[in-house]
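Down below is the structure, laid out as structure tokens.
The values are calculated or read from the model by the stated rules, or taken from the named source; none is laboratory data. Note that the structure is a prediction, hence the values are computed from the model and not measured. Note that each Cβ is placed from the backbone with ideal geometry, even for glycine, and that neighbours are counted across all protein chains shown. What goes into the accessible areas is simple: the full protein's heavy atoms, side chains included, and nothing from ligands, DNA or RNA. Shrake-Rupley method; radii C 1.70, N 1.55, O 1.52, S 1.80 Å.
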Amino acid sequence: MTVMREPRLGEPPPEGTADRPAPADRVDFDGLYHAHFRSLTLQLAAYCGDLSQAQDLVQEAFCRAYARWSRVSGYDDPVAWVRRVAWNLATSRWRRLRTAQSWLHRQREEHVPGPDPDRVALTTALATLPTSQRRAVVLHYLADLPVGQIAEQEGVPEGTVKSWLHRGRAALAAQLAGTNEVNDHD
């Protein structure tokens, strides 16, 4: 009794086997494809609920089987291998869709109320200040930066920043007081 083993990748075939046909227990790929594509597609369509997606998944599974046919054809049940690959592809697809849906759900646009009248008045008043005064007021009162750090950032002496802050506060107070008087009379 002679035991024949499958040649490994990169090895030449054993002597005297070049003209030998495939063993009788080997399955023909075309026959397997034609015999089982429809039934596997129907199984996957029932699983994923989309016939065209199921066809794509089964086709991909058969492509992967074809690429490994020398190994897959030797299995006891090559159809089981193709079925498992197709189901794994469907599961992976489902996971990707679930992840995408989760991401989209987190990206929902949230509606927030508009700014209150005080915020609008402050923004309008800030827009009227000269650029240097507005920058100093915003950096000091909104960004909580000390005068020294603002002076360093702007490349000016601290006294200049103090002057900008004083003039900016005075201009804002005058504009906001005028806005409040108008609002109080309404």
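Quick look at the values:
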read-out: Some residue of region 72-90 being open to solvent by 60 Å² or more (accessible area, probe 1.4 Å), of a type in the set (A, V, I, L, M) and not in a loop (DSSP other than H, G, I, E, B); value: no
read-out: Filtered residues of region 91-117 (kept if farther than 30 Å from Leu40 by Cβ, without any contact (Cβ under 8 Å) to a residue 40 or more places away in the chain and in a helix (DSSP H, G or I)); value: Trp103, Leu104, His105, Arg106
read-out: Scan of region 118-168 for residues that are acidic (Asp, Glu), part of a helix (DSSP H, G or I) and open to solvent by 70 Å² or more (accessible area, probe 1.4 Å), ordered by number; value: Asp118, Glu152, Glu158
